[in-house]
Amino acid sequence: MKKNNKKKIEEFIRVDHAGERGAIKIYEGQLLALNTLVKNDEMKKTIEEMREHEREHANYFENEIKKRGIKPTKFLPLWDLLGVGLGFGSTILGKKAAMLCTASVEEVIDEHYQNQIDQIENDEKELKNKIIKFREDELHHKDIAYEQGATKDGLYSIFDKIIKTGSKIAINISEKI
């Protein structure tokens with residue numbers, strides 16, 4: 001494996017680890033709101049199911065980080081805090097905002113994962129196959145979010161842009177630091 005390819009793979013694993021952990025934190029924030037201020041058992045069940053997929057993804061990348069001796073991003077504590085805050089905040093704004101939060105993040109992750117899939121070479125077949133599967137899970141989450149009421153109408157379009165911009169910034173930082 002070429003040195004540049006090795007560095008690229010380390011960046012992919014570092015950022016994917018942070019991203020999957022961030023997704024868990026967003027869902028935990030949403031569940032915190034649903035268990036305290038907002039009562040919606042159907043939405044709670046949906047979010048719990050999606051969180052389980054994210055746990056599977058995060059566990060895979062956590063194992064890869066340990067196995068390969070990769071340092072996680074130094075920003076994990078900040079991402080955790082921001083993820084819980086985003087999840088909680090989006091949920092107290094209502095179901096449409098909570099579901100848009102998922103849809104917006106998943107749209108960024110779809111593009112992010114596809115970009116990685118296109119760059120991963122044959123010497124990393126297992127990693128590539130996992131990212132392909134995880135991308136499919138994320139696309140499913142996006143579809144669920146739209147089925148459950150996510151919208152970009154009116155002010156929600158601004159919320160969508162804020163979430164996507166924040167996600168892209170977190171991705172760029174986590175790849176490097």
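Just so it is clear, none of the values below were taken in a lab; they were calculated from the coordinates. For clarity, every value in this text was computed on a predicted model and none was experimentally measured. Counting neighbours? That spans all protein chains shown, and the Cβs are built from the backbone with ideal geometry, glycine included.
Counting other beta carbons within 10 Å of each Cβ, put Val38, Val105 in order, fewest first.
Details: Val38 18, Val105 25.
Neighbour counts put them in this order, fewest first: Val38, Val105.
Simple point charges give the picture: +1 on the Cβ of Lys and Arg, -1 on the Cβ of Asp and Glu, and for the chain a dipole about the Cα centre of about 780 debye.
Segment 2-46: percent of C-alpha pairs farther apart than 16 Å? When every Cα pair of segment 2-46 is considered, 55 percent fall beyond 16 Å. Spread over its residues, the convex hull of the C-alpha atoms of the chain is 100 Å³ per residue.
I need the calculated FRET efficiency for the pair Leu32 and Asp118, taking r as the beta carbon distance and R₀ as 45 Å, to the nearest 0.05.
Working: r = 36 Å, r/R0 = 0.81.
Plugging the Cβ-Cβ distance into 1/(1 + (r/R0)^6) gives 0.80.
The Rg/Rh ratio for segment 45-85 is 1.06, where Rg is the radius of gyration of the alpha carbons and Rh is the Kirkwood radius.
In the frame of its principal axes, segment 53-120 has Cα extents of 41, 28, 19 Å, reported largest first. In a fully extended conformation the segment linking Tyr146 and Glu11 would gain 45.5 nm over its present Cα-Cα distance, using 0.36 nm per residue. Overall size of segment 90-161 from C-alpha positions, given as principal axis extents largest first: 45, 19, 17 Å. The modelled label-to-label distance between Arg68 and Ile177, using points 7 Å beyond Cα along the C-beta direction, is 2.2 nm.
Segment 123-177 and segment 9-75 have Cα centres lying 12 Å from one another.
Helix-derived [θ] at 222 nm for the chain: sum -39500 (n - 2.57) over DSSP H runs of at least 4, divide by residue count, nearest 500?
Values: 6 runs with 148 residues, N = 177.
It comes out at -29500 deg cm²/dmol, rounded to the nearest 500.
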